[in-house]
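J.: Just dropping this structure here.
The values are calculated or read from the model by the stated rules, or taken from the named source; none is laboratory data. Because the structure is a prediction, the values reported are computed rather than measured. Here Cβ is always computed from backbone atoms with ideal geometry, including for glycine, and neighbour counts include all displayed protein chains. Just so you know, the surface numbers come from the protein's heavy atoms only, side chains and all, with ligands and any DNA or RNA stripped out. Shrake-Rupley method; radii C 1.70, N 1.55, O 1.52, S 1.80 Å.
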Amino acid sequence: MNKLLTEEEAARRLGISIDEVKKLVDSGKLPAYKIAGQYLRFKEEEVERLIKKPHRSAAERIKEFIYFYDFYIIAFIIILLILYLIFRR
């Protein structure tokens with residue numbers, strides 16, 4: 001019988017946060033199964049497949065970086081804009 005992993009176990013194996021695991025599920029890169037309609041579980045083989053996934057191109061890595069950190073990138077740009085507006089002469 002295949003072992004199902006919890007969100008925490010999948011995140012630990014992948015070396016990412018639980019939020020990033022949920023983003024992988026939302027993007028369709030990691031299939032998930034709902035138990036009792038609310039608890040996400042993952043097949044161990046699917047998590048291992050992501051770990052052993054061949055190297056991605058630089059464009060794919062940049063795209064994933066932007067996807068996972070878009071909030072921080074936008075916040076950083078807004079802060080820079082505000083600082084520019086404050087300190088311009």
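J.: Out of the helices (runs of 4 or more DSSP H) lying entirely within the range 1-72, which hold 3 or more residues that are open to solvent by 90 Å² or more (accessible area, probe 1.4 Å)?
T.: In the range 1-72, 7-14 are the helices (runs of 4 or more DSSP H) which contain 3 or more residues that are open to solvent by 90 Å² or more (accessible area, probe 1.4 Å).
J.: What are the pairs, 6+ residues apart or on separate chains, where a residue within the range 32-50 that is at negative phi has its Cβ under 7 Å from a residue that is in a strand (DSSP E or B) and open to solvent by 90 Å² or more (accessible area, probe 1.4 Å)?
T.: Close Cβ pairs (under 7 Å, with a partner that is in a strand (DSSP E or B) and open to solvent by 90 Å² or more (accessible area, probe 1.4 Å)) amount to 40/34.
J.: When the residues of the range 1-47 are filtered to those that are among the small types (Gly, Ala, Ser) and farther than 25 Å from residue 69 by Cα, which remaining residue is nearest to the chain's Cα centre (by Cα)?
T.: 37
J.: Considering 41, 88, 49, which residue is at pLDDT 90 or above, within 24 Å of residue 14 (Cβ to Cβ) and not aliphatic (A, V, I, L, M)?
T.: One residue alone meets the criteria, 41.
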